[in-house]
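Data block below; observations after.
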Amino acid sequence: NSAPCKMRFFMTWISALSSFGPREHLALESVFKSHPNACLVILSHTFDTPAGAEILRPFVRAGFRVTAITPDLSYLSSSTPASKWLRDLRGGRIDPGHISIGQNLSNLLRLLVLYKYGGTYLDTDVVITRGFGSLNNTIGAQNADKETRAWTRLNNAVMVFDKRNPLLARFIADFCLTFNGSKWGHNGPYLVTRVVLSSKKRYSNATLRSHCNVLKPIAFYPVDWDHITSFFRAPVDDLEARWVSAKLLQLKRSSYAVHLWNKMSRDIEIEPGSIMDSVFRR
């Protein structure tokens, strides 16, 4: 298919292929259901193999453009502060910490690939429910203050940015300057949160909006990680059934995607009649 890509998507995969299950397949399907003319690149050395190609073969045969590539971090980081940071890491001059270095490199990789090429980054536990065509230089809030409704935390599981976006450059610089390999989220969700917060003080609202649009939690994170179980459980009475119906209507009207928080929900069974049962069927 020689037609140009209408949209460019990126994912990373740092685990063994055996961990790529039905939910991850569904995340891939959701990209092409919502964006049939998109291109998807999976940045992964385990996927960039004959076994990985076999997993993607049904998508390719169906005419969708998806491929896996082993990321070249040295190339992607060139002309950014990450180039020296990577040399220092490889030279033992940076403490990798207790958290998987692969996880932290994934946090950096998504920033670098968006900075170099532009497009949309998605975690593999994000199911798209509506097209992203209207989104530009966008990141989603994970939490918001219940009274003021102002966002309190952002997340980096979904990011839509033009290449060379100045905010991406600040994300990369902050990653290298403040790296902490032993504090969960410090180089990911907390990073984008603190950089955007500091940018609010540094730039005018108009300038910041030109660099980044922050969407409400309902856009990508309609349920937080500590309540994800409720999306997988079937209603047990009329009150819960009405809540499920109302939540599904809210998702249809206001959500672009649903983050599944796989670390918390991977082993939860999807019960018939639950919110996720409806989302997955659709």
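The values are calculated or read from the model by the stated rules, or taken from the named source; none is laboratory data. Computed from a predicted structure; not experimentally measured. A quick note on method: Cβ atoms are made from the backbone with ideal geometry, for glycine too, and the neighbour counts reach across all protein chains shown. With ligands, DNA and RNA removed, areas are computed over all heavy atoms of the protein, side chains included. Shrake-Rupley method; radii C 1.70, N 1.55, O 1.52, S 1.80 Å.
Overview of results
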quantity	calculated
Filter result for the condition that a residue is in contact with a helix residue (DSSP H, G or I) (Cβ under 9 Å, 6 or more places away or on another chain), open to solvent by 30 Å² or more (accessible area, probe 1.4 Å) and of a type in the set (Ser, Thr, Tyr), over SER44, SER15	SER15
Selection from the stretch 1-14 of residues that are of a type in the set (S, T, N, Q), modelled with pLDDT under 95 and under 21 Å from SER30 (Cα atoms)	ASN1
Every residue from the stretch 69-104 that is surrounded by fewer than 20 Cβ atoms within 10 Å (Cβ to Cβ) and touching a residue at least 60 places away in the same chain (Cβ under 8 Å)	PRO81, LYS84, ILE94, ASP95, PRO96, GLY97, HIS98, ILE99, SER100, ILE101, GLY102, GLN103
ARG164 vs. criteria surrounded by fewer than 16 Cβ atoms within 10 Å (Cβ to Cβ), at pLDDT below 95, at positive phi and outside any helix (DSSP H, G or I)	no
Filtered residues of the stretch 248-277 (kept if crowded, with 18+ Cβ neighbours inside 10 Å and in a helix (DSSP H, G or I))	LEU251, ASN262, SER265, ILE275, MET276
